[in-house]
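Novice: Below are the structure tokens for one structure; questions will follow.
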Amino acid sequence: MTMTLEQVAEAMVAPGKGILAADESSGTIKRRFDSIKVENTEENRRDYREMLFRSTDAMKTAISGVILYDETIRQKAKDGTPLAKIIADTGALPGIKVDGGTKPLQFCKGEVVTEGLDGLPGRVKEYVGLGAKFAKWRAVIDIGQGIPSYTCIKANAHALARYAAICIEGGLVPIVEPEVLMDGAHDIDRCAEVTEWVLKEVYQELYYNRVVLEQTILKPNMVIAGKQSARQASRAEVAEKTVKVLKRCVPAAVPGIAFLSGGQSDEDATAHLHLMNAMGPLPWKLSFSYGRALQAAALKAWSGKAENFAAGQRAFSHRAKMNGLAAAGKWSEQKEKAVA
Ligand code: 5MM
């Protein structure tokens, strides 16, 4: 049965479920593997991701979709089964990263713009043929001395909207990801100000590019103090300020918001999501699309050794289930400890 784009978007934020971001490009997965002293070979990348996707119980209960990288959507598991099929067999939807990464933005020192619009309609067509149901494009906004500039916000918002329109036309639900980085010494209020500015601009560009919001998912950062800030906000403050900014900027027509984790600790990312859902009712579903906060523990437990496959799966399953609970506003520290 073919799903409409609205149905796919709703399924991506199904109650108690969220998205696994496993779309690390070759450079990013190398950094992750370096941290556990594992060589960045195609076989190791395959084995690691197969381990995650074969965590069948957690995939079935807590994961609505998986964002893949170009290599992974074409890759086969050890026994020859396509990785995308393993995902689809658990009931989760395969998705694909389609951006081409960030490049320095002309005349804007220290700022970047995400590229990859050239030839995108053709690539979308190919990915639909490979089984993808949704796509992802990440724009990166840095906070620092005199930045972000309007030039940077505008260029990235425009590219996000063009990408979203191309995906919808080609049959993929676009995840719109404008990430305001948590690197830096800025406080939470500066993050709130920049996030609001970015989201306002993104929704304006989506409108001018005729994007149907019901067919999209937003993947934003939470409103949070910079990692080097002397004043770290409490979990309650992060939840309250994030929801406040989102209510000001994200139309109720958007079916769901799936946060990125951005470098937060695993448990903070879960707790923040839980607290926001506990503040409901909200105009949209609030869920997760975590990379590091879902994978860090699993990566460490696996450490590149076949005999650690089950331990890696246990670590991933635990985080997936905790975040599934948070997406439903049903997480607690007691549950975290009990299952751990
Ligand atoms: C999984 O990492 C994604 C890909 O990053 P690169 O294109 O830089 O290799 C990244 O876009 C990710 O989907 C989001 O940042 C969310 O991941 P985190 O770790 O922030 O939850």
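Novice: So LYS76 passes all but one of these: (1) farther than 17 Å from ALA132 by Cβ; (2) surrounded by fewer than 17 Cβ atoms within 10 Å (Cβ to Cβ). Which condition number does it fail?
Specialist: Status for LYS76: all satisfied but (1).
Novice: Considering only residues that are away from the ligand (no atom under 16 Å from the Cβ) and of a type in the set (Gly, Ala, Ser), look in region 1-25 and name the one that is farthest from LYS133 (Cα to Cα).
Specialist: For region 1-25, the residue satisfying everything is GLY16.
Novice: Kindly establish whether GLU111 is surrounded by 15 or more Cβ atoms within 10 Å (Cβ to Cβ), within 22 Å of the chain's Cα centre (by Cα) and among the acidic types (Asp, Glu).
Specialist: Details: surrounded by 15 or more Cβ atoms within 10 Å (Cβ to Cβ): yes; within 22 Å of the chain's Cα centre (by Cα): yes; among the acidic types (Asp, Glu): yes.
Answer is yes for this residue.
Let's see how each residue does on (1) at pLDDT below 95; (2) in contact with a Phe, Trp or Tyr (Cβ under 8 Å, 6 or more places away or on another chain); (3) within 14 Å of the ligand (Cβ to nearest atom):
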{"residue": "ARG123", "(1), (2), (3)": "no, no, no"}
{"residue": "ALA135", "(1), (2), (3)": "no, yes, yes"}
{"residue": "ILE153", "(1), (2), (3)": "no, yes, no"}
{"residue": "ILE166", "(1), (2), (3)": "no, no, no"}
{"residue": "MET182", "(1), (2), (3)": "no, no, yes"}
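Novice: Further, regarding this structure: Taking region 26-41, which residues are surrounded by 14 or more Cβ atoms within 10 Å (Cβ to Cβ) and either more than 10 Å from the ligand (Cβ to nearest atom) or over 20 Å from the mean Cα position of the chain (by Cα) (or both)?
Specialist: Selection gives PHE33, ILE36, VAL38, ASN40.
Novice: Within region 63-104, track down each residue that is assigned to a strand (DSSP E or B), among the hydrophobic types (A, V, I, L, M, F, W, C) and touching a Gly at 6+ places or on another chain (Cβ under 6 Å).
Specialist: Initial filter on region 63-104 (assigned to a strand (DSSP E or B)): 63-68, 76, 82, 93-97, 102-104.
Those left that are additionally among the hydrophobic types (A, V, I, L, M, F, W, C): 63, 66-68, 93, 96.
Passing the criteria: ILE67, LEU93.
Novice: Here is a list: GLU201, GLU193, GLU267, GLU237. Which entry is over 21 Å from TYR290 (Cβ atoms), in contact with a helix residue (DSSP H, G or I) (Cβ under 7 Å, 6 or more places away or on another chain) and not in a loop (DSSP other than H, G, I, E, B)?
Specialist: GLU201
Novice: If you go through region 287-308 one residue at a time, how many are under 17 Å from GLU179 (Cβ atoms) and more than 12 Å from the ligand (Cβ to nearest atom)?
Specialist: Number of matching residues: 1.
Novice: Name the single residue that is nearest to the ligand (Cβ to nearest atom) among those in region 218-253 being in contact with a Ser or Thr (Cβ under 6 Å, 6 or more places away or on another chain) and farther than 24 Å from GLU333 by Cα. Spell out the reasoning first.
Specialist: If we filter region 218-253 for residues that are in contact with a Ser or Thr (Cβ under 6 Å, 6 or more places away or on another chain), which is where we start, we get 219, 222-223, 245.
After this cut, where a residue has to be farther than 24 Å from GLU333 by Cα as well, the list is 219, 245.
Numbers: LYS219: 7, VAL245: 18 Å.
Result: LYS219.
The values are calculated or read from the model by the stated rules, or taken from the named source; none is laboratory data. Everything numeric in this text was worked out from a predicted model, so none of it was measured. Cβ sites come from the backbone with ideal geometry, for glycine too, and all protein chains shown count toward neighbours.
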